[in-house]
Amino acid sequence: METMLILVRQILQMFLLGGLGFLLYRGKKVSQEGSRALGNILIYLALPATIINGFLVERDAAHLLGMLYSAVGAAVLLLVSMLISRAFFRRDAIAAFAGAFSNPGFFGIPLIIASVGRGAVFYVACFVAFLNIGQWTYGVSLLTGQPLKQGLQWKKLIRAPFILAILAGLVLFLTQLPLPPVISGCLSTVASLNTPLAMFTVGIYLAQTDLRKMFTHRAVYLVSFVRLVAVPLVSLLLLLLVPEAYHEMKTALLLAVSCPVGSNVAVYAHLHQKDYPYAVETVVISTLFSIVTIPAVVYLAGIIG
């Protein structure tokens, strides 16, 4: 019960952050161009810092095995998420993107820290990394309508900020190279911007949408069902195959895959001149329902796990 209360409280705090972004835009303190700049800060600075931070743990046999198992688990769960979402949304690119990709970096990590502990963030570093690769490649392919092979530019992918962050994180983890306190402190500070900036951005996007239309838009409810119910339940069944000795890893991955629609769907839709108000609607509605669904999924996992 205590874990459920922690999760609900953390989700409500995120809503408040989104509300602040809403007020900033409506109060004309942030412009539309400013919201695009925030999106770039998230993708090119805050998220890479979060990924690198996740790798800053002691290198031992347990962590090496944990990284291997969590990487395999993350790849499987993300592939299943994409397949399920694509099966539901064959003609709606934004819905297919939204249903496939959760919000583990901006939304999940604070929940994992609050309910499992800061050490469990290590187990979702690969999930966050793979998810962003999926968004950068498969997700952009959905939004632009280009075939994946045609739209995929390997040179751009290799230079993508999250790929560079993965490589830097792996080097730091494998070499155990000590960072000067001023650098590690700066890295942690930038990483801590991840959630507030993401939720500010969602609030800013929300301020540009028609709220009445949002709550009467049927498609967003189906997206929420896929993202918050169908994908987590299938993922839970798959995670039951993992030995209980890896309980912390299983819980971290389950929380990551059970998160609402990632706010990056709005960021990418905005950057590619697509219907980003619709993308924001999927984020907001799914986040609202996640107050109930995430604790319910964790509770169900505790019963059958």
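Among residues that are of a type in the set (Ser, Thr, Tyr) and surrounded by fewer than 14 Cβ atoms within 10 Å (Cβ to Cβ), SER35 is not included.
Looking at LEU7, LEU17, just one residue is at pLDDT 80 or above, crowded, with 16+ Cβ neighbours inside 10 Å and in contact with a helix residue (DSSP H, G or I) (Cβ under 6 Å, 6 or more places away or on another chain), and that residue is LEU17. Of all residues assigned to region 157-178, none qualifies as being surrounded by 13 or more Cβ atoms within 10 Å (Cβ to Cβ), of a type in the set (S, T, N, Q) and either part of a helix (DSSP H, G or I) or at pLDDT 85 or above (or both). Residues being of a type in the set (A, V, I, L, M), under 18 Å from the mean Cα position of the chain (by Cα), outside any helix (DSSP H, G or I) and crowded, with 17+ Cβ neighbours inside 10 Å are entirely absent from region 51-68. Only residues that are surrounded by fewer than 24 Cβ atoms within 10 Å (Cβ to Cβ) and in contact with a Phe, Trp or Tyr (Cβ under 6 Å, 6 or more places away or on another chain) were counted in region 252-279, giving 1.
Go through region 85-114 and give me each residue that's of a type in the set (Gly, Ala, Ser), at pLDDT 80 or above, assigned to a helix (DSSP H, G or I) and crowded, with 18+ Cβ neighbours inside 10 Å. Within region 85-114, SER85, ALA93, ALA95, ALA96, ALA98, GLY99, ALA100, GLY108 qualify.
Table: residues versus (1) at pLDDT below 85; (2) in a helix (DSSP H, G or I); (3) under 26 Å from MET82 (Cα atoms).
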| position | (1), (2), (3) |
| --- | --- |
| LEU187 | no, yes, no |
| VAL190 | no, yes, no |
| THR195 | yes, yes, yes |
| PHE200 | no, yes, no |
| GLN208 | yes, no, no |
| ARG212 | yes, yes, no |
| ALA219 | no, yes, yes |
| LEU222 | no, yes, yes |
| ARG227 | no, yes, yes |
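Output the residue which, of all residues in region 216-247 that are over 22 Å from ALA296 (Cβ atoms) and either in contact (Cβ under 8 Å) with a residue 24 or more places away in the chain or of a type in the set (D, E, K, R) (or both), is surrounded by the most Cβ atoms within 10 Å (Cβ to Cβ). Filtering first and then ranking leaves TYR246. Would you say THR282 is of a type in the set (Ser, Thr, Tyr), out of contact with any strand residue (DSSP E or B) (no Cβ under 7 Å at 6 or more places or on another chain), in a helix (DSSP H, G or I) and crowded, with 22+ Cβ neighbours inside 10 Å? Yes.
The values are calculated or read from the model by the stated rules, or taken from the named source; none is laboratory data. This structure is a prediction, so every number in the text was calculated from the model and none was measured. Every residue, glycine among them, receives a Cβ derived from its backbone with ideal geometry; neighbour counts consider all protein chains shown.
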